[in-house]
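A.B. asks: Quick one: the structure is below, questions incoming.
The values are calculated or read from the model by the stated rules, or taken from the named source; none is laboratory data. Fair warning: this is a prediction, and the values are worked out from it, not measured in the lab. Using ideal geometry, Cβ is built from the backbone for each residue, glycine included, and neighbour counts are taken over all protein chains shown. The accessibility values were calculated without ligands, DNA or RNA, using every heavy atom of the protein model including side chains. Shrake-Rupley method; radii C 1.70, N 1.55, O 1.52, S 1.80 Å.
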Amino acid sequence: MCRFSLALLLALFVALVGSSADAKTTCFDQTLCIEKKQERNRIHFTVRNLKSFMTISGKISLITTNMQVIAGDDGPFVLNGGESRQLFTLEGTADGQWQYHQSQAWVRGDYRKQPNEGYIYELPFRSGSSFSILQGCDSDYTHQAHDAKSIDFDMPVGAEVYAARGGLIVDMKEDSLIGGSNPALRAAGNKIIIEHDDGTMAQYGHLQHEGVVVELGKRVEKGQLIGFSGNTGYSSHPHLHFGVTSATKAGTAKSLAIAFQSANGTVVCPKVNTKITRP
């Protein structure tokens, strides 16, 4: 029961009269920062990626009165890990009051990359083991939108978790001790995020406390032990949440259907209550 962490933040309404002001920086989800520096009737927008290894795509949308973009554009943009870049400058175009309404969205990944949607994943648990599906594709419980094709495996706390596909460890969390059925606990889930070579992102969620055995910024191979299942975050029952997404130009995530290699052949988008075995 893990929802991909997407920042779509609205209603930053600013009414200005053209005076000078200090730079103001707002950061979202410890990932994306937007700095706005005003110089007379101009406002310079700079974006910064706080994640050292994770690529992000984003979009800033503007509704303006007596203002226009005079340099750069409002996106979409792609920031590599740790990158900072000035995106554009807004300029007041008339005397008197001018104003703008700003909204922004960002997502893990590079929207310019084409996902390999025919890739066959290994099941993310020990070879020879079998686990049931608690939530499958297009579940009507908590897997909607950017989580629509994600899979919840009914795995106990402490079960070994293996990489379903090789890639780079771009984000991780293992310090949480709490979990429960309150959606407010989403951010408390321990996790591993792996970026694949085609730009897609795999999330392994609800891991146990200190249940990560890989290092940030290191590559892992398909079938490598990466952690241990748990019950942290927005989770009412021990399980492993596994989902794969690609980034869009709008700064949103597209949930991808996953094909697994099982003991009974290839299984695409396994359904609720079925049991699946890794060869």
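A.B. asks: Any chance you could check the Cα centroid distance between region 218-272 and region 91-119 for me, in angstrom?
C.D. replies: If we compute the Cα centre of each part, the gap is 27 Å.
A.B. asks: Could you compute the FRET efficiency for Leu225 and Thr65, with r as their C-beta to C-beta distance and R0 at 45 Å, rounded to 0.05?
C.D. replies: On the way: r = 56 Å, r/R0 = 1.25.
Working from the Cβ atoms, E equals 0.20.
A.B. asks: Keeping every protein chain in place, order Arg48, Arg126, Arg278 by accessible area at 1.4 Å, biggest value first, i.e. largest first.
C.D. replies: Numbers: Arg48 85, Arg126 120, Arg278 30 Å².
The ranking, largest first, comes out as Arg126, Arg48, Arg278.
A.B. asks: Of the residues Met201, Met54, Met67, which exhibits the maximal mean-square fluctuation in a Gaussian network model of the chain defined by a 10 Å Cα contact cut-off?
C.D. replies: Evaluated over the chain, the most mobile residue of the options is Met67.
A.B. asks: Okay, next question. Where in the chain is the longest stretch that carries no GluC sites (Glu not before Pro) classed as loop by DSSP and with at most 11 other Cβ atoms within 10 Å? Intermediate results must be reported in sequence, preceding the final value.
C.D. replies: Details: sites that count: Glu215, Glu221.
Longest stretch, sites excluded: 1-214.
A.B. asks: Further question on the same structure: Can you give the FRET efficiency to the nearest 0.05 for Val213 and Ser236, using r as the Cβ-Cβ distance and R₀ = 30 Å?
C.D. replies: Details: r = 26 Å, r/R0 = 0.85.
Working from the Cβ atoms, E equals 0.70.
A.B. asks: Working out 0.36 nm times the residue gap between Asp73 and Gln99, then minus their Cα-Cα distance, what length gain in nm do you get to one decimal? Mind dumping the intermediate values first?
C.D. replies: Details: separation 26, 0.36 × 26 = 9.36 nm, distance 1.75 nm.
Contour length minus the Cα-Cα distance gives 7.6 nm.
A.B. asks: Heavy atoms only, 1.4 Å probe, whole protein assembly: order Asp152, Asp29 by accessible area, highest first.
C.D. replies: Asp29, Asp152
A.B. asks: How large is the accessible surface per residue of region 146-264, computed with a 1.4 Å probe and reported in Å² as a whole number? Don't jump to the answer; show the numbers that get you there.
C.D. replies: On the way: 4220 Å² over 119 residues.
On a per-residue basis, region 146-264 sits at 35 Å².
A.B. asks: Over region 48-144, with the other protein chains present, what is the accessible area per residue in square angstrom, probe 1.4 angstrom? Walk me through the numbers on the way to the answer.
C.D. replies: Values: 4380 Å² over 97 residues.
With the other protein chains kept in place, region 48-144 gives 45 Å² per residue.
A.B. asks: Once you have a ≥ b ≥ c as the square roots of the Cα gyration tensor eigenvalues for the chain, tell me rounded if a/c is under 1.5, and otherwise prolate or oblate according to whether a/b is larger than b/c. The partial results should precede the final answer.
C.D. replies: Numbers: a/c = 2.48, a/b = 2.33, b/c = 1.06.
Prolate is the answer for the chain, as a/c is 1.5 or above and a/b outweighs b/c.
A.B. asks: Express in nm, to one decimal, how much length is gained between Asn116 and Ser84 on full extension, taking 0.36 nm for each residue of separation and deducting their alpha carbon distance.
C.D. replies: Net length gain for the segment: 8.6 nm.
A.B. asks: Please get the size of the charge dipole for the chain, origin at its Cα centre, with Cβ charges of +1 on Lys and Arg and -1 on Asp and Glu, quoted in debye to the nearest 20.
C.D. replies: On the way: 27 positive and 27 negative charges, 33 e Å.
Here the chain has a charge dipole of around 160 debye.
A.B. asks: About its Cα centre, what dipole magnitude does region 74-131 give when the only charges are +1 on Lys and Arg Cβ and -1 on Asp and Glu Cβ, stated in debye to the nearest 20? Intermediate values should be presented prior to the final figure.
C.D. replies: Details: 5 positive and 7 negative charges, 73 e Å.
The dipole magnitude comes to about 360 debye.
A.B. asks: Let me ask something additional. Go through Lys51/Lys249; Lys113/Lys149; Lys113/Lys249; Lys149/Lys218; Lys191/Lys249 and tell me which ones have a Cα-Cα distance over 22 Å in this structure. Each step should come with its number before you reach the end.
C.D. replies: Values: Lys51/Lys249 20 Å; Lys113/Lys149 20 Å; Lys113/Lys249 11 Å; Lys149/Lys218 27 Å; Lys191/Lys249 25 Å.
Table pairs above 22 Å Cα-Cα are Lys149/Lys218; Lys191/Lys249.
A.B. asks: Leaving ligands, DNA and RNA out of it, report the carbon-plus-sulfur percent of the accessible area of region 159-279 at a 1.4 Å probe.
C.D. replies: On the way: 2410 of 4790 Å².
Roughly 50 percent, rounded to a whole number.
A.B. asks: OK, next. What percent antiparallel are the DSSP beta bridges of the chain, to the nearest 5? Please report the intermediate quantities before stating the final value.
C.D. replies: On the way: 85 of 90 bridges.
Counting only bridges with both partners in the chain, antiparallel ones make up about 95 percent.
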